[in-house]
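Enquirer: Would you mind keeping the following structure in view while I ask a few things?
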């Protein structure tokens, strides 16, 4: 451990509560109850995609979802019977806040990657994101989820999750868009913002309408540059995850707003373009970004072969996640810019996850594992939730975010 990280003496809450001035949004959250497990903030979960495209009822426990798929002999997806995420299992582990996505690729005239969902037109992709949004609304109406759109709702649900038993609380979520192919025009982005969209990753895998993504080469398109300008006007967070190297640097040259990486690992540990180089990580640190570690096995260990390797063969485990988090911390010289964005059930299940993770509930193993690496208690809190919350406090306090 770097001494700067190891000897962090800051024991204060990391999300910067303002003094009470009569505004409910500025009132301190209740003190955490000592008997509760640590609050966890997961910055990347494709919940809407799993519900609609995998036909999973996420209001049921993971064990029940698996059993349904196994008993019906489903084999259309590689991860059938191996899911890891559901709302009850999130509550069980105090994963009370997440960034939940809408995702729908749609690039007419270009081939789709066979392993990824893809739609024949941006219009169809837009319709799919609206279907996912409808599912989130249904979960809100059922009391299963609650949307965070501004400082007041952020502080409300941080306070509830740190003071109330989790089994009675809705999972609170910030709405994000992974890959912007579905945004037909700037007006559609404004409509999405009005519906609560607060972060956008312009690209996903391959070339897209707005730029080049993972495992492709090239910069932003002309409409990609227009997209960034509209995002900046609305105060939407730029998620640089999946940007190709060229698109990454071009985007940051144009961008002076809030930026994060919801689910991205380190190229120095696993050499692949999907990961960030140290130079990219240092630039994000310079801009005050937070980088969430992803749990996809091939991003954690360098000897993973997709479709062939298994967690048992490679020994991939949660300690490899901590390796990537620690690498960011060492580059920063502190624990202020690293966190988690698991991407669990992001097109893969247990067959491509850390071997010591059965469901998302096992995220509660992480605080003790960080402590074993000599991270101070205050730094563990930052990594598990405080850095994301602090980022949103600073961003929405400075730039503002309007309620839906």
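Only the coordinates and a few stated rules stand behind these numbers; no lab work does. Note that this is a predicted model, so its numbers are computed, not measured. Counting neighbours? That spans all protein chains shown, and the Cβs are built from the backbone with ideal geometry, glycine included.
Enquirer: Send over the semi-axes of the chain's equivalent ellipsoid, whole angstrom and largest first, taken as the square roots of 5 times the C-alpha gyration tensor eigenvalues.
Expert: One finds semi-axes of 27, 25, 23 Å for the chain.
Enquirer: Quick one: what Rg and Dmax do you get for the stretch 218-299 from the alpha carbons, in Å?
Expert: In Å, with Rg to one decimal and Dmax whole: 12.6, 37.
Enquirer: When DSSP beta bridges are limited to those with both residues in the chain, what percentage is antiparallel, rounded to the nearest 5?
Expert: Of those bridges, close to 5 percent are antiparallel.
Enquirer: Please list 72-84, 293-305, 245-257 highest first by mean number of surrounding beta-carbon atoms within 10 Å per residue.
Expert: 293-305, 245-257, 72-84
Enquirer: If each of residue 254 and residue 70 carries a label point 7 Å out from its Cα toward its Cβ, how far apart are those two points in nm?
Expert: That separation, rounded to one decimal, is 4.8 nm.
Enquirer: Let me ask something additional. If you average the sequence gap of Cα pairs under 8 Å that are 6 or more apart and divide by the length of the chain, what percent do you get for the contact order?
Expert: The normalised contact order for the chain reaches 21 percent.
Enquirer: Can you put 324, 188 in order, fewest other beta carbons within 10 Å first?
Expert: 188, 324
Enquirer: Based on other C-beta atoms within 10 Å, arrange 394, 168, 92 from fewest to most.
Expert: Fewest-to-most ranking of 394, 168, 92: 168, 394, 92.
Enquirer: If you consider only alpha-carbon coordinates, what radius of gyration and Dmax does the stretch 224-367 have, in Å?
Expert: 15.7, 49
Enquirer: Something else now. How long, wide and thick is the stretch 306-385, going by the Cα atoms along their three principal axes, in whole angstroms, largest first?
Expert: Reported extents, whole Å, longest axis first: 37, 25, 22.
Enquirer: Continuing with the same structure: Is it possible to state the helix-based mean residue ellipticity at 222 nm for the chain, with each DSSP H run of 4+ residues giving -39500 (n - 2.57), the sum divided by total residues, to the nearest 500 deg cm²/dmol? What is it?
Expert: The helix-only estimate for the chain comes to -10500 deg cm²/dmol at 222 nm.
Enquirer: How large is log10 I(q)/I(0) at q = 0.13 Å⁻¹ when the Debye formula is applied to the Cα atoms of the stretch 137-218, each weighted equally and without solvent?
Expert: The Debye formula, applied to the Cα set alone, gives -0.56.
Enquirer: Now for a different question. So what's the gap between the Cα centers of the stretch 354-368 and the stretch 150-198, to the nearest angstrom?
Expert: Distance between centres, Cα-based: 24 Å.
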